[in-house]
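To start, the structure under review is shown below, and the notes come after it.
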Amino acid sequence: DVDFQSIIAINLKTGDRTFIAGAHAGGTGPSLSGASGLAIDQNSNQLYALTYNQIVAIDLTYQQRSVFASMSVGGGVDVGSPESLVIEQASGTAASLLLATRGYGSLVRLDLASGERTNVSYDFGNVGTGPPIQAPGDVALDTRTTSNGHSAFVIQGVGGANLLSVDLTNGNRTKL
């Protein structure tokens with residue numbers, strides 16, 4: 001919710017709403033202004049939110065917020081206008097986030113333990129082959145058994161939305 005700079009949980013059965021983080025929920029840390037995407041690590045009770053050119057980590061137990069990744073926080077490639085993110089592991093303990101970036105048209109892996117960022121697929125950085133990632137709108141894991149947990153889907157908003165499959169091992173991109 002951009003107006004209140006807060007994250008709100010909605011009970012899907014009752015419709016009841018609860019402030020989780022931000023201006024109306026208590027806790028301290030960076031603003032959630034402009035938040036556009038969320039990913040939750042249920043094992044560590046951490047929520048990750050995209051806010052402009054950074055990713056904010058939110059401890060859901062204590063409602064404390066901190067910058068997890070930005071141009072000046074964390075190592076590796078720039079987060080360049082983050083657009084969408086997802087926890088990379090479909091089950092078990094989460095070790096990384098996948099981030100689609102609009103600014104660079106890339107898919108980036110963020111190590112949750114170290115904050116280190118690496119390109120998984122990036123046309124201009126010669127990571128993977130196939131059509132470039134342009135104006136990504138969202139990223140989702142490909143959980144089909146045929147992908148064996150090594151692929152993600154990226155929907156693009158260029159030239160009438162199209163869908164890419166990205167091999168998370170070698171970065172190769174295929175238009176679906």
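The values are calculated or read from the model by the stated rules, or taken from the named source; none is laboratory data. Because the structure is a prediction, the values reported are computed rather than measured. Here the Cβ positions follow ideal geometry from the backbone for every residue, glycine too, while neighbour counts run over all protein chains shown. Heads up: the accessible areas ignore ligands, DNA and RNA and are worked out on the full protein's heavy atoms, side chains in. Shrake-Rupley method; radii C 1.70, N 1.55, O 1.52, S 1.80 Å.
Go through segment 96-107 residue by residue and tally those that are basic (Lys, Arg) and either open to solvent by less than 10 Å² (accessible area, probe 1.4 Å) or modelled with pLDDT of 90 or more (or both).
Here is the first cut: in segment 96-107, the residues basic (Lys, Arg) are 102.
From the residues that got through so far, the ones that are either open to solvent by less than 10 Å² (accessible area, probe 1.4 Å) or modelled with pLDDT of 90 or more (or both) too are none.
Counting residues in segment 96-107 that are basic (Lys, Arg) and either open to solvent by less than 10 Å² (accessible area, probe 1.4 Å) or modelled with pLDDT of 90 or more (or both) gives 0.
State whether one or more residues within segment 121-144 are among the small types (Gly, Ala, Ser), closer than 23 Å to ASN43 by Cα and outside any loop (DSSP other than H, G, I, E, B). Spell out how you get there, then give the answer.
Initial filter on segment 121-144 (among the small types (Gly, Ala, Ser)): 121, 125, 128, 130, 135, 137, 140.
In the following step, the residues that additionally are closer than 23 Å to ASN43 by Cα were identified as 140.
This time we only want the ones that are outside any loop (DSSP other than H, G, I, E, B), so: 140.
Scanning segment 121-144 turns up at least one residue that is among the small types (Gly, Ala, Ser), closer than 23 Å to ASN43 by Cα and outside any loop (DSSP other than H, G, I, E, B).
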Single residue of segment 158-176 satisfying the filter (over 17 Å from VAL127 (Cβ atoms), hydrophobic (A, V, I, L, M, F, W, C) and in contact with a strand residue (DSSP E or B) (Cβ under 8 Å, 6 or more places away or on another chain)) that is surrounded by the most Cβ atoms within 10 Å (Cβ to Cβ): LEU163
Entirely in segment 7-95, the strands (runs of 3 or more DSSP E) that have 1 or more residues that are more than 25 Å from TYR122 (Cβ to Cβ) and open to solvent by 20 Å² or more (accessible area, probe 1.4 Å): 17-22, 35-41, 46-51, 54-59, 64-70
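This table checks each residue for (1) modelled with pLDDT of 90 or more; (2) open to solvent by 50 Å² or more (accessible area, probe 1.4 Å); (3) closer than 13 Å to ALA100 by Cα.
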position	(1), (2), (3)
VAL127	yes, no, no
LEU141	yes, no, yes
THR146	no, yes, no
PHE153	yes, no, yes
GLN156	no, no, yes
Checked segment 129-139 for anything modelled with pLDDT under 90 and either touching a Phe, Trp or Tyr at 6+ places or on another chain (Cβ under 6 Å) or buried (at least 18 other Cβ atoms within 10 Å of the Cβ) (or both); matches are ILE133, PRO136
